[in-house]
Amino acid sequence: MPERLTARQFIALLTPDFAELPRPGGTEGAYGPDGPLEWAGYDDARALAAARTGEEESVVCGRATVGGVPSVLIAFEFGYLGGSLGEHTGDRLEAAHTCARAHRLPVVSLIATGGSRMQEGMLALTQLQRMARQSALTRAAGLPQLAVARDPTTGGGWATLGAGADVVLALPDAQVAFAGSRVRPPDADPAAYTAQAQLAAGTVDAIVRPRDLRETVGRWLALLAAPSTEPAPVPGTATAAADLPATGWDAVRRARDPGRPRARAYLDAYFTRRTEIGGDRCGGRGGGMLCGFGTHAGRTIAYAAQDGTPTRPAGYRTAARLIRLADSLSVPVLTLVDTPGAANDAEAERQGVGAAIADLFGAVATARTPLTTLVIGEGGSGGALALAAPGNTWATPDSYFSVIAPESAAAILKRPADQVRATADHLRVRPQDLVALGVVRGITGGGAAAPPPPG
């Protein structure tokens with residue numbers, strides 16, 4: 001079990017600069033003895049918790065500067081009735097979010113809680129609705145929310161402030177789950193209720209050691225709290241090839257060349273630093289897609305990049321999550337298209353690949369923040385087009401974009417195998433063909449860009 005620090009010790013890991021918010025009015029002092037349910041012994045339990053921890057409630061809220069970014073911090077004190085949520089807790093959390101919106105500050109929640117407070121019954125449970133509303137209002141204001149799941153992070157605190165944050169970090173080996181340790185089935189696998197399990201399921205973005213939290217949280221805040229209205233610049237190509245393919249099949253061959261640069265090479269060349277988000281929040285991570293935020297020429301740019309393999313449902317869902325997050329924070333997005341197509345195996349269908357692609361199409365279509373796309377390799381059908389920015393897509397000399405792979409097109413048209421190359425020409429998949437058709441704006445190569453076609 002990880003070492004449990006107090007709320008203020010945990011705050012000190014992030015910053016020496018912390019000013020606690022004034023005690024809110026709200027429901028504090030509104031009840032008679034033993035709280036709203038008159039639960040015998042509740043006053044004594046709170047008095048004992050206060051004496052043991054030095055805190056008057058299960059959360060400490062204040063303003064601080066983390067990594068140079070002014071922020072609002074929320075830190076749970078697990079020693080105060082297990083970090084449980086009651087109405088007074090809700091008062092403080094609402095005040096913290098109200099302060100964040102009033103001063104245009106990001107919110108960082110350092111969570112350690114066992115859930116809702118039994119001694120306040122349903123009045124405690126309804127604080128989850130209150131927290132969900134505050135989080136939604138803060139998101140609608142375009143302010144980032146970052147959560148750190150400590151040990152333990154369970155129950156409603158995980159299901160609102162934790163899993164509902166824009167970026168979720170967790171401490172190694174921490175209990176992170178909706179079901180607390182005392183309410184799980186007796187035969188439950190304890191490994192399924194850990195930070196590592198949540199990472200594998202795409203719910204936690206990264207596992208971070210306590211000593212690395214200040215740098216990691218500061219880096220995330222610097223990236224997320226930097227809106228911009230300018231589109232992401234088109235990357236220069238990472239390949240030395242500057243000539244264009246002579247035939248459609250040449251374009252396909254070059255795009256499939258294992259030696260050409262892939263997404264990571266482009267991202268490494270484009271960003272001075274970058275940090276990845278870790279999953280789709282639906283049980284999957286990876287899926288042939290690299291997503292995150294980075295710094296380019298001093299500006300924050302979000303990115304979603306296919307890695308050259310068939311893209312799986314988790315990849316499409318992660319890209320949709322990334323684009324919606326960037327849109328809510330007014331951060332421009334760069335997408336890199338490189339896939340032979342969507343994964344078409346039975347498991348991909350069971351995981352809802354069609355719905356995942358539809359969701360990504362929807363995220364791209366409704367994004368208000370500017371999107372820029374570069375096709376860097378294979379552009380295989382709708383599985384590639386879903387990631388492309390309408391009206392602002394470019395191509396490299398080592399790429400093609402096609403309604404379907406030439407081999408599949410020939411099979412559908414009942415052409416013999418020796419007609420595949422000719423079919424590639426008929427499909428007009430070369431970068432210069434795509435420019436002429438108006439599908440892409442231009443061709444990048446060696447940092448230069450061909451002008452779009454007239455009209």
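State whether one or more residues within region 389-406 are in contact with a Phe, Trp or Tyr (Cβ under 6 Å, 6 or more places away or on another chain) and either in the same structural domain as residue 282 (by TED's automatic domain parsing) or closer than 23 Å to residue 233 by Cβ (or both). Checked region 389-406: no residue is in contact with a Phe, Trp or Tyr (Cβ under 6 Å, 6 or more places away or on another chain) and either in the same structural domain as residue 282 (by TED's automatic domain parsing) or closer than 23 Å to residue 233 by Cβ (or both). With the condition kept exactly as written, say whether any residue in region 77-96 is of a type in the set (A, V, I, L, M), out of contact with any helix residue (DSSP H, G or I) (no Cβ under 7 Å at 6 or more places or on another chain) and touching a residue at least 60 places away in the same chain (Cβ under 8 Å). Yes: one or more hits. Of all residues in region 249-289, exactly one satisfies the criterion of being within 14 Å of residue 316 (Cβ to Cβ) and outside any loop (DSSP other than H, G, I, E, B), namely 289. Annotation: of all residues in region 161-188 being under 16 Å from the mean Cα position of the chain (by Cα) and β-branched (Val, Ile, Thr), the one that is surrounded by the fewest Cβ atoms within 10 Å (Cβ to Cβ) is 167. Of everything in region 41-65 that is surrounded by fewer than 24 Cβ atoms within 10 Å (Cβ to Cβ) and under 27 Å from the mean Cα position of the chain (by Cα), the residue that is nearest to residue 21 (Cα to Cα) is 62.
Within region 194-205, which residues are in a helix (DSSP H, G or I) and either in contact (Cβ under 8 Å) with a residue 40 or more places away in the chain or buried (at least 21 other Cβ atoms within 10 Å of the Cβ) (or both)? Correct list: 195, 198, 199, 200.
Of all residues in region 354-370, those that are among the small types (Gly, Ala, Ser) have Cβ atoms under 6 Å from Cβ atoms of residues that are in a helix (DSSP H, G or I), 6 or more apart or on another chain, in 356/313; 356/316; 356/317; 363/320; 363/323; 363/324; 367/323; 367/327. Going residue by residue through region 206-218, is there one that turns out to be part of a loop (DSSP other than H, G, I, E, B), outside the structural domain of residue 276 (by TED's automatic domain parsing) and surrounded by 13 or more Cβ atoms within 10 Å (Cβ to Cβ)? So far as region 206-218 goes, yes, one or more of its residues are part of a loop (DSSP other than H, G, I, E, B), outside the structural domain of residue 276 (by TED's automatic domain parsing) and surrounded by 13 or more Cβ atoms within 10 Å (Cβ to Cβ).
Residue count for region 150-187, restricted to those that are part of a loop (DSSP other than H, G, I, E, B) and touching a residue at least 40 places away in the same chain (Cβ under 8 Å): 8. In this structure, is residue 236 not assigned by TED's automatic domain parsing to the domain that holds residue 110 and not in a helix (DSSP H, G or I)? Yes: the conditions hold for residue 236.
Would you check which residues across region 303-342 are within 17 Å of residue 223 (Cβ to Cβ), hydrophobic (A, V, I, L, M, F, W, C) and in contact with a Gly (Cβ under 7 Å, 6 or more places away or on another chain) and list them? Within region 303-342, just 329 meets the criteria. Contact annotation: residue pairs with Cβ atoms under 6 Å, 6 or more positions apart or on different chains, pairing a residue in region 124-148 that is closer than 18 Å to residue 163 by Cβ with a partner that is of a type in the set (Ser, Thr, Tyr) and modelled with pLDDT under 95, are 125/116; 128/160; 131/160; 132/160.
Taken over region 150-160, the criterion of being surrounded by fewer than 24 Cβ atoms within 10 Å (Cβ to Cβ) and closer than 17 Å to residue 279 by Cα is satisfied by 159 alone.
The values are calculated or read from the model by the stated rules, or taken from the named source; none is laboratory data. Note that the structure is predicted; figures quoted are calculated from it, not measured. Neighbour counts are summed over all protein chains in view; Cβ atoms, including those assigned to glycine, are modelled from backbone coordinates with ideal geometry.
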